[in-house]
Amino acid sequence: MTAARPPSPQPAGVLPGLWPWCPDAPLVVPVDGRVRIPRKLRQQVSEEDLQPAFILELDRLRFGVLRDGAPVEPAQPKIGHGPPMFPLAGVRVAEPGTLRGRDKPFEFRPHDADGIRVQEVACTNGPAVWLRSMHDWFVTTTAPQQLAQEIERRRRRVARLGGFAANEVWQRAPSLRETGPDGPRPGRGRDTPDYPPSLTHGVWQPMTALPVSEPSAGIDAEPPGPPSELPYPERLRDYEIVLRSSGPPLRLTVTARRLLLSQDPVLGEPSVVTEPPVPPSAATVPLAALHVVRAGRLTGMSPRLAQRWFTQDARSEIRLDRVDGPALWLWGPMTEWLICTPDAADLAADIRLRQWVSMRYPISSDLGPERRTWYDLPMTRPVDTGEGRTLPPPPAYAPASPTVVPPGAWQPLD
Amino acid sequence: MDPNLLGSMPLAAGSSNLAPFVPIAALVVLGIVGRVVVRSRKGHNTRVRPGDLAERYRAAGVHYTSPPGGFGTPTGQPLDHVEGIRHGVRFTAFRRTEQTGFTFHVNDPNNSMGERNFTSIVRVSIPLAQAVPPLRITERTDKERDSYRAFVSDVNAGAVATGILEFDDRFLVRCSDLGFVRRIMGPELAGWLRGHHRTTAYTDVSGPLSGIEFAENTLSVEQCGHLEPDLVFPALDFLVEMLSKVPPELVPPREAAAPPAQGAP
């Protein structure tokens, strides 16, 4: 099984990407392993093009798939299933060390998800980070102390501010959060072993952990109030904007209910009662799943800096270039897009208006963009107040500024 | 019988012998009375005689028609119907049956094919002043109660959001004419529907009912049961009250009610 593993396009274990210049950006560590491709996508993409990777986000971690060094978007999970991610709040141990003396790799299956997914991760002898939640995970990396330090920093941020599925985790295992002298801090949990139970003694040699730096602050802003007059959704016109890109042309499509990024035109019938299916070649986010829609200005951008990822079918590349000038920052619990466009301020105002319309006139289907989002991400549910139903405020763990650009490069316009 | 003979009978001794049987006799009497009561109530619910219904409707000034040969009428066809004027509004109501299931007799050698189950449905309609596009108001299927049905078959899809959030949380409005929905579904009608105690009876479509329905020139509701005044008149009152919440151009002119029949109880 190990011999059939394809050669890795990238050396496993390096810490590429924006980190550490953008400390809160997703941190991607390519690892060895096998990728499973659904039968219907096997004609379009081969296993040799894909590589498993450990992806650490601000409040969660996952094993995802890379293509040409860019992550492939995970498929939408089935109803009742969580996304193929693990909350940092549920991590008990993140310990650097060295794996030695094993005659075969330590293999584990990280997530059971739909679409293109990591079938198996293999950890060979060498430096690694031991992650324990319910099971043992090992991430082979050349810089285990730095990776464990970064995981610990983000765990502290989650303990202070919350994060993805954190309340659910703490409700089931309260010992995973403790009260320290400077506020809440991550707990080790009860009955957490000091040594990986899946390994025999002497195989795992722990390293000294580096001191942990201060976690970043959360957002401190109220959502903008409701507009004076809300139009009916059938009065809203869907449109698309062609973004300037160093790669293939990229289109941002704005409908009454969602945003789409794609290389091909995807503008379809307006979605008032039902919604046309989203093509798999497009990256999309429902407006109900966005907490922060803000216009700002970027300065000091490197010309080669870009946010890159592939859509669910691992075929279409989405490349959002970072250039100096106006930009639109979109952040939600599962999404962060930073779109550089000259009319960012108008676009932000229009998207905020459409968020209110989408909240007031949701599609009736339980699988529609609004109700499915409210079901899957309860923090996005509208809030009933004395003045009526309003959009929810951004959660405290939302970043204060875009995570995909260096600190200080973003100046909000409003 | 000679009354003197009674005085000579050993009553005291006899009463003492019968004393243990008194509670048993009381229980037997109670059982007979209860059986009679249950049978009478059961017959009241399940057996509706056309002659009785005609009498009851005639007392209210409503004409009742029961076509002969109700048994064997094709599913969905009107069986018996009434028409008349109430609160100044002309109305019609009819009963039909729908097949709602099938019972298999696996262990019965005499009836191995099983039998179809039918449900009796009463539809009450009042006219509108002008033709309207088809519009149905039903209740959302609760995903907490029936998650498989709500999610897998997506039973709640295809409705127009009215923008009245508390109403949309509970109800679905299905209509292909958005302009008509915007014209008719105002806060007044939505609030009245939410607050009325009979709305759920007419909008719960987990069975064979079709909800509150605007179609062509009529406004209708459906309910399971027989064509009895106890079922027809509350539905009619509901429709008439609802008519006061729709735009005035849809309301027909009031008519004078026919006088009740003479000699009616």
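The values are calculated or read from the model by the stated rules, or taken from the named source; none is laboratory data. These numbers were taken from a predicted model, which means no experiment stands behind them. Note: ideal-geometry Cβ built from the backbone for every residue, glycine included; neighbour counts use all protein chains shown. Each accessible area value is taken on the protein alone, full model and side chains, heavy atoms only, with ligands, DNA and RNA left out. Shrake-Rupley method; radii C 1.70, N 1.55, O 1.52, S 1.80 Å.
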Filter the stretch A:258-274 for residues that are in contact with a strand residue (DSSP E or B) (Cβ under 7 Å, 6 or more places away or on another chain) and of a type in the set (D, E, K, R) and give the result. A:Arg258
Tally of residues being in contact with a Gly (Cβ under 9 Å, 6 or more places away or on another chain) and within 17 Å of A:Asp346 (Cβ to Cβ) across the stretch A:229-252: 1
Top-ranked residue of the stretch B:249-259 - restricted to ones that are at pLDDT below 90 and open to solvent by less than 80 Å² (accessible area, probe 1.4 Å), ranked as farthest from B:Ala129 (Cα to Cα): B:Ala258
Considering only the stretch B:153-179, state which residues are part of a loop (DSSP other than H, G, I, E, B) and more than 7 Å from every other protein chain (Cβ to nearest Cβ). B:Ser153, B:Val155, B:Thr162, B:Ile164, B:Ser176, B:Asp177
What number goes with the only condition from (1) of a type in the set (Lys, Arg); (2) out of contact with any Lys or Arg (no Cβ under 8 Å at 6 or more places or on another chain); (3) touching a residue at least 24 places away in the same chain (Cβ under 8 Å) that B:Arg96 does not pass? (2)
What are the residues in the stretch B:123-137 that are open to solvent by less than 50 Å² (accessible area, probe 1.4 Å) and in contact with a Gly (Cβ under 8 Å, 6 or more places away or on another chain), if any? B:Ile137
Could you list, in sequence order, all residues of the stretch A:36-79 that are open to solvent by less than 10 Å² (accessible area, probe 1.4 Å), over 26 Å from A:Pro402 (Cα atoms) and either hydrophobic (A, V, I, L, M, F, W, C) or assigned by the TED database to the domain that holds A:Trp337 (or both)? A:Val45, A:Leu50
Within the stretch B:162-204, of all residues that are under 23 Å from the mean Cα position of the chain (by Cα), surrounded by 18 or more Cβ atoms within 10 Å (Cβ to Cβ) and of a type in the set (S, T, N, Q), the one farthest from B:Pro133 (Cα to Cα) is B:Thr199
Anything in the stretch A:276-308 that is open to solvent by less than 20 Å² (accessible area, probe 1.4 Å) and farther than 18 Å from A:Asp350 by Cβ? List them, or say none. A:Ala282, A:Ala283, A:Leu298
For A:Ala282, the lone unmet condition from (1) more than 30 Å from A:Gly408 (Cβ to Cβ); (2) in contact with a helix residue (DSSP H, G or I) (Cβ under 7 Å, 6 or more places away or on another chain); (3) small (Gly, Ala, Ser) is (2)
If you scan the stretch A:348-357, which residues turn out to be under 23 Å from the mean Cα position of the chain (by Cα) and either open to solvent by less than 10 Å² (accessible area, probe 1.4 Å) or within 14 Å of chain B (Cβ to nearest Cβ) (or both)? A:Ala348, A:Ile351
Mind telling me which of the residues A:Arg372, A:Arg360, A:Arg381, A:Arg389 ends up being more than 8 Å from chain B (Cβ to nearest Cβ) and either closer than 14 Å to B:Leu165 by Cβ or open to solvent by 30 Å² or more (accessible area, probe 1.4 Å) (or both)? A:Arg381
Residue list for the stretch A:182-236, filter: touching a residue at least 24 places away in the same chain (Cβ under 8 Å) and among the basic types (Lys, Arg): A:Arg185, A:Arg188
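Being out of contact with any Gly (no Cβ under 6 Å at 6 or more places or on another chain) and under 18 Å from A:Pro224 (Cβ atoms) narrows it down to one residue among A:Thr335, A:Thr380; which is it?
Result of the check over A:Thr335, A:Thr380: A:Thr380.
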For the stretch A:323-348, give me each residue that is free of Cβ contacts under 8 Å to residues at least 40 places away in the same chain and assigned to a helix (DSSP H, G or I). A:Asp346
Can you name the residue in the stretch A:325-347 that is touching a strand residue (DSSP E or B) at 6+ places or on another chain (Cβ under 7 Å) and open to solvent by 40 Å² or more (accessible area, probe 1.4 Å) and, of all such residues, is nearest to the other protein chains (Cβ to nearest Cβ)? A:Ala345
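Please pick out the residue among B:Val232, B:Val221, B:Val246, B:Val240 that is more than 14 Å from every other protein chain (Cβ to nearest Cβ), part of a strand (DSSP E or B), open to solvent by less than 20 Å² (accessible area, probe 1.4 Å) and within 29 Å of B:His63 (Cβ to Cβ).
Numbers: B:Val232 fails: part of a strand (DSSP E or B); B:Val246 fails: part of a strand (DSSP E or B); B:Val240 fails: part of a strand (DSSP E or B).
So the residue among B:Val232, B:Val221, B:Val246, B:Val240 that is more than 14 Å from every other protein chain (Cβ to nearest Cβ), part of a strand (DSSP E or B), open to solvent by less than 20 Å² (accessible area, probe 1.4 Å) and within 29 Å of B:His63 (Cβ to Cβ) is B:Val221.
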